[in-house]
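Working notes, structure below.
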Amino acid sequence: MEAQTLTYIFVGLSFALYIGIAIASRAKSTNDFYVAGKGVNPVANGMATAADWMSAASFLSMAGLIAFLGRDGSVYLMGWTGGYVLLALLLAPYLRKYGKYTVPDFIGERYYSNVARVVAVICLIFISFTYIAGQMRGVGIVFSRFLEVEIEMGVIIGMGIVFIYAVLGGMKGITYTQVAQYCVMIFAYLVPAIFLSIMLTGNPIPQLGFGDKLLNSDIYLIDKLDKTIIDLGFSPYTEYSKSLIDIFCITAALMFGTAGLPHVIVRFFTVPNMQAARRSAGYALVFIAILYTTAPAVASFARLNFIDSVQNTSYEDAPDWFKNWENIGLISWMDKNQDGKMQYSSGSPFVENRPVFSDERGSLGERLLENEANTSSSNEVYLDRDIIVLANPEIANLPIWVIALVAAGGLAAALSTAAGLLLVISSSISHDLMKQTFMPQITEKKELLYARLAAGITILLAGLLGIFPPAFVAQVVAFAFGLAASTLFPVLFMGIFSKKTTKEAAIGGMLTGLVFTFSYIVFFKFISPGLNNSDYWFLGISPEGIGVVGMILNFLVMLLVTKFSKSPPESVINLVETIRRP
Amino acid sequence: MTFWQKNLILLSFLLFFWFLCSFGFGILFSEYISFMKIGGFELGFWFSQQGSIYVFIILIFTYSYLVERLEKKEKK
């Protein structure tokens, strides 16, 4: 059977499964719709959280990113897992004990102010929308590469599927579909990784193979990789190339941001009690760690494998996968020294960022480029780092069903994250804005209807962003973390650990964090990208890491304003005491 | 000591390890410990790409276990 047909079957079966689960577990009340009736088993919730958390970017791009960043890629590994410690220790159990439906709900009641609630909703919508647009795009890309439909068509199909199970099932529906999606995703990620690990080191566990000796040799894989890429003019794989302060701040921004992301926090509202919330965060991290500890191993295997099979190989002998991806346009070769062999080294092969193909083929069958050669580097090969995970099964010569599996896994990753985001956006609109602020008299039935309507409209908007992606989407996804770290995290933390923090302090703190972080990012990314280097950064901190500074400012403003404002009412102090009690 | 004070001490203790294994071993003192090796990994590199994640998991389950014991005592 052809790879194409198999992919259709795998993807079709997985979709049928998701929809079946959604119909079986559809929501009957707002309690079901917002928090799955608060009856989800902690292990199941951990799995759903992991699927919610690991997006198209985690599944498709992270290993590729690490393969090319080397040690600098550690910021993502530590940053996107360390936040769960903060969640489990500092936020999740207390927010669960509080026991309402959304993150702005807590902020509104703890800070006895609808203004604080609305500011929190604004932060939440901004964070979640930048994130969801990336997911819909991811769905489109997987569809177009593996099923050969247009990206637009792919986005529409993806929207349709998410619409059915998120609008029908609400939180209850997406929780159990996410459990299924996690299983599909992790299986699809591990199979090629295990094969690659055996192929290179003989060790079937990628996490161990990563630190093992190469097959039939006395050299450690990691030493070989370091030596190979240094010889080619790259900086060493095992050393940081960014400054330590920047590495420190980016990691911290990602950690605190993770702990402040509303679509992650809200998952812990679905379990029965605060003990379950803590344990559930632990299970979530176990399930996430299975992928996150495999990713750096896959990254090193792929980098080494790629160099081994390409460096100084004549184009005629290039492996099939090289030519397949060249045909799609994500790999290119420009024979600068006219020797018919591919030379790979540091530096860009051409002056432009991306290859521009002419319609002609060279004498060896390679696709000719219209780019201007970059004479300062001898590198002839262009490789899009997003293809590492997708190309792995082919690089390792795995059977075609593995390729089909990886396609289904990528879709599961994108759909599960999109559905989770969709739900926090729609519930903050129907619950926080309508029921709690502007239309307090509506009945539960009406509220449920509005929640479904809001989910439907959000899907449409997200789909439009996927079809017509604004140029800035890719650049701002990482900043969602900076914003979450500098706005929501400090306010949630102080809301639990300080009885004295006042509403003026919370509103002032959130706005300070938001304005500072947002303007720093916008200034360096959009207004003066020419100045975006360490000479101009504040203390040498890049826009990716500035959320930490925003967070510190937020805390300072809160402490200061609390001193000068009227202390919170008795009822709020009682509320804080209640949520601290076991 | 009240339950909440004990809880805060436990939290500070565990967060110290959280900081030490990620920001400490993985980033700030990575260079000073890289003479030690685990298999083919230099210790600092291992902490930043594998080890810190394992430590995070252990920390969450340790906290969960210890604080549940505190909570049971408190309820009695």
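A:Phe479 sits among other residues whose Cβ lies under 12 Å from its own Cβ, and their net charge, with Lys and Arg +1 and Asp and Glu -1, is 0.
The distance linking the stretch A:1-29 with the stretch A:481-531 is 40 Å (Cα centroid to Cα centroid, whole angstrom). Going by a ≥ b ≥ c, the root eigenvalues of the Cα gyration tensor, does the stretch A:42-92 fall in the rounded group (a/c under 1.5), the prolate group (a/b larger than b/c) or the oblate group? Oblate, because a/c is 1.5 or more while a/b does not exceed b/c.
Measuring nothing but how far apart in sequence close Cα pairs (under 8 Å, 6+ apart) lie, relative to its length, chain A scores a relative contact order of 27 percent. Axis angle, to the nearest 10 degrees, between helix A:274-310 and the longest C-alpha principal axis of chain A: 20 degrees.
Packing order of peptides A:317-329, A:221-233, A:295-307, highest average first: A:295-307, A:221-233, A:317-329 (average count of other Cβ atoms within 10 Å over each peptide's residues). Counted over all Cα-Cα pairs of the stretch A:98-229, pairs farther apart than 27 Å make up 53 percent.
Computed over protein heavy atoms with a 1.4 Å probe, the accessible surface of chain A works out to 36 Å² per residue.
Where a ≥ b ≥ c are the square roots of the eigenvalues of the C-alpha gyration tensor, would you call the stretch A:1-63 rounded, which needs a/c under 1.5, or, failing that, prolate if a/b is larger than b/c, or oblate? Since a/c reaches 1.5 but b/c is at least a/b, the shape of the stretch A:1-63 is classed as oblate. Convex hull of alpha carbon positions in chain A: directionally averaged projected area 26.6 nm². The apolar share of the surface of the stretch A:331-383, taken as the fraction of accessible area on carbon and sulfur atoms (1.4 Å probe, ligands and nucleic acids excluded), comes to 42 percent. For A:Lys500, neighbours were defined as the other residues whose beta-carbon sits under 15 Å from its Cβ, and their charges (Lys and Arg +1, Asp and Glu -1) total +3. Its DSSP H runs of at least 4 residues, each contributing -39,500 (n - 2.57), put the calculated 222 nm mean residue ellipticity of the protein assembly as shown at -20500 deg cm²/dmol, to the nearest 500.
If I fit a long axis through the Cα atoms of helix A:503-522 and take the longest principal axis of the Cα atoms of chain A, what angle between them do I get, 0 to 90°, rounded to 10? Taking the Cα atoms of chain A, the angle to A:503-522 is about 20 degrees. Roughly how much accessible area, to the nearest 100 Å², goes out of reach of solvent when A and B pair up, both sides summed, probe 1.4 Å? For chain A against chain B, roughly 3800 Å² becomes buried.
Over all pairs of different C-alpha atoms in the stretch A:241-345, the reciprocal of the mean inverse distance, the Kirkwood hydrodynamic radius, equals 18.3 Å.
Candidate cross-link partners of A:Lys563 among the aspartates and glutamates, defined by an alpha-carbon separation under 16 Å and a same-chain spacing of 8 or more, comprise A:Glu504.
log₁₀ I(q)/I(0) of the stretch A:185-283 at q = 0.13 Å⁻¹, via Debye over equal Cα point scatterers, no solvent, to two decimals? Calculated log10 I(q)/I(0) at the listed q: -0.82. Taking a quarter of the surface of the Cα convex hull of the stretch A:331-383 gives a mean projected area of 3.3 nm².
Look at where the Cα atoms of the stretch A:96-134 and of the stretch B:1-39 average out, and the two centres are 31 Å apart. Longer than 29 Å from Cα to Cα, which of A:Lys97/A:Lys446; A:Lys172/A:Lys446; A:Lys28/A:Lys503; A:Lys97/A:Lys500; A:Lys28/B:Lys75; A:Lys525/B:Lys37 are they? Say none if no pair is. Over 29 Å apart, Cα to Cα: A:Lys28/A:Lys503; A:Lys28/B:Lys75; A:Lys525/B:Lys37. Counting protein heavy atoms only, the stretch B:3-75 has 70 percent of its accessible area on carbon and sulfur, 1.4 angstrom probe.
Dividing the convex hull volume of the alpha-carbon atoms in the stretch B:3-75 by its residue count gives 77 Å³ per residue. With 30 Å² as the minimum drop in accessible area between chain alone and full protein complex (1.4 Å probe), the qualifying residues in the stretch A:245-270 are A:Phe248, A:Met255. The modelled label-to-label distance for the pair A:Lys446/A:Asp308, using points 7 Å beyond Cα in the direction of Cβ, is 6.7 nm.
Normalised per residue, the accessible area of the stretch B:3-75 is 49 Å², obtained with a 1.4 Å probe and no contribution from ligands, DNA or RNA.
In terms of the mean number of neighbouring beta-carbon atoms within 10 Å, the peptides A:22-28, B:70-76 order highest first as A:22-28, B:70-76.
The values are calculated or read from the model by the stated rules, or taken from the named source; none is laboratory data. Every value quoted in this text rests on a predicted model; they were computed, and no experiment measured them. For neighbour counting, all protein chains shown are included, and Cβ atoms are generated from backbone atoms with ideal geometry for every residue, glycine included. Remember, those area values only see protein heavy atoms, side chains included, never the ligands or the DNA or RNA. Shrake-Rupley method; radii C 1.70, N 1.55, O 1.52, S 1.80 Å.
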